[in-house]
Amino acid sequence: MILDKLSIINFKNICEEQLHLSRGINCFVGDNGAGKTNILDAVHYLSMARSMHTITDLQSVRHGEDGFIIDGRFVRDDQRAEQIVCGYTRRSGKTLKRNGKEYDKLSDHVGGIPIVVVSPGDTALISDSAEERRRYINRFISQTDRGYLNALIRYNNTLQERNKLLKSSPSEEMLLIYDAMLAQAAETIFARRSETIAAMQPLVEQYYAELAEERESIAMEYRSELQSASLQELLLQSRQRDFVNEFTSVGVHRDDILFSIGDYPLRKFGSQGQQKSFLIALKLAEYTLLAKCGEEKPMLLLDDLFDKLDMRRVAHLLHLVGGEMFGQIFITDCNKHRLERTLGEAGAEYKLFTISDGKAVTL
Ligand SMILES: Nc1ncnc2c1ncn2[C@@H]1O[C@H](COP(=O)(O)OP(=O)(O)OP(=O)(O)O)[C@@H](O)[C@H]1O
Ligand SMILES: [Mg+2]
């Protein structure tokens, strides 16, 4: 999938902009606060119908304006054209149109324009709680598997109901019904998470080795209570405890993914550059799996390319993403000369946009 033309009106600090993009690498350079990440975020809106940051749609409207419009003309890998328009106004909220037709549900759009983002904010995946890692894996699997998303919604709704029930004095029968419903949804979630993480593991290790010239080795491992027994058994075992605590203390809502470097936790023992390299390897593995199971090559967004990485690792990264498997790429950096030099050394073809105060100049 290639984004051919991007038009933006009143989105963050961008007043009005039209960009004709390259099918290969697109670079956005400019000072801090110029609007480089905002352009990537506009691209993210077209794919996911929301910002890549945890902000509301209203916060993305240019100060003092009533709404924003992001309009993208795409070319699919089979050369068919596709137009996606995402608009938001204070009065009518958000709308998303594909080829002029409005979606009934925004979630129907997710997965149609696959995207993978590497950004400085990803460090939360390593430093924050397990919830952050579950959110990541949920988002990733949901992009390609509607059944997973439905199981997740069912699981969360049932979990809420069961917790409510535990606060009253529930009958044995009622609890058994909820336990069965929960266990059924958990089975799908557990199976898909196990498969996905097992498929990611070798790819993450391989990409990391290429980035780091095999200086150190890393690993990732899925951890779930369901690895020891079925959820129905676990719920029975923990029933007394759940009554006392008034919440459900076992289940896939407590899953985690362990990241390690040379057998030690990455969070505690990985340097900033090693952590960043791990996150890139993780995202490239995600890209590879998305490309394999979908019809379209995803777009790859690399925000703040040099953030915490040394020149050698950036060069390896550019070499990797310049390969056959990758499609259109968006890169931001604040140092034009550094970026041009590194891309030049990698022999990559690219289009450069200089961003200043929310405006782009093609050079
Ligand atoms: N709703 C908004 N209306 C107007 N301006 C906004 C809005 N939201 C953010 N901005 C402005 O956008 C700018 C930040 O843009 P962006 O994050 O894209 O910068 P950047 O070029 O990526 O910078 P850096 O190199 O620091 O990452 C800031 O000046 C900020 O004030
Ligand atoms: Mg930025």
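Dipole magnitude for region 97-197: computed about the Cα centre from +1 point charges on Lys and Arg Cβ and -1 point charges on Asp and Glu Cβ, it is near 340 debye.
Which percentage, to the nearest 5, of the DSSP beta bridges contained in the chain is antiparallel? Once the DSSP bridges in the chain are tallied, antiparallel ones form about 70 percent. Annotation: amide H of residue 117 within the under-5 Å range of 301, sequence separation 5 or more or interchain, hydrogens built in the peptide plane.
Remark: region 75-82, residue by residue, has Karplus-estimated 3J(HN,Hα) of 10, 6, 5, 8, 6, 6, 8, 8 Hz, where x stands for each Gly or Pro and the curve is 6.51 cos²θ - 1.76 cosθ + 1.60 at θ = phi - 60°.
Suppose every Lys and Arg Cβ carries +1 and every Asp and Glu Cβ carries -1, with no other charges. What dipole size does the chain come out with about its Cα centre, to the nearest 20 debye?
For this selection, approximately 680 debye.
Between the C-alpha center of region 112-156 and that of region 45-73 there is a gap of 20 Å.
Would you please classify the overall shape of region 236-317 from the alpha carbon gyration tensor, given that a ≥ b ≥ c denote the square roots of the eigenvalues, rounded means a/c under 1.5, and beyond that prolate means a/b larger than b/c while oblate covers the rest? Here region 236-317 falls in the oblate category.
The DSSP beta bridges internal to region 261-363 are antiparallel in roughly 60% of cases. Seen against the Cα atoms of the chain and their longest principal axis, helix 172-211 is set at about 40 degrees.
Given a cut-off of 31 Å, name the pairs among 101/164; 105/359; 105/283; 36/276; 105/164 whose C-alpha atoms lie farther apart than that in the structure shown. Table pairs above 31 Å Cα-Cα are 101/164; 105/359. Axis of helix 130-144 versus longest Cα principal axis of the chain: the two differ by about 70°, to the nearest ten degrees.
For region 127-293, the Cβ-based charge dipole about the Cα centre amounts to some 460 debye (Lys, Arg positive; Asp, Glu negative; other atoms uncharged).
Could you state the angle between the C-alpha long axis of helix 36-48 and the longest principal axis of the C-alpha atoms of the chain, as a value from 0 to 90 degrees rounded to the nearest 10? That helix lies at roughly 50 degrees to the long axis. With a ≥ b ≥ c taken as the square roots of the eigenvalues of the C-alpha gyration tensor of region 127-293, please select rounded if a/c is under 1.5 and otherwise prolate if a/b is larger than b/c or oblate if it is not? Prolate, since a/c reaches 1.5 and a/b exceeds b/c. Annotation: peptides 43-51, 169-177, 188-196, ranked by per-residue average of other Cβ atoms within 10 Å with the highest first, follow the order 43-51, 188-196, 169-177. In this structure the amide hydrogen of residue 217, modeled in the peptide plane, comes within under 5 Å of the amide hydrogens of 262, none closer than 5 places in sequence on its chain.
For the residues 57, 108, 333, a GNM of the chain with alpha-carbon springs under 10 Å puts the largest fluctuation on 108.
Bear in mind that the values in this text are calculations on the coordinates, not laboratory data. Predicted, not measured: the structure shown is a model, and the values here were computed from it. Cβ sites come from the backbone with ideal geometry, for glycine too, and all protein chains shown count toward neighbours.
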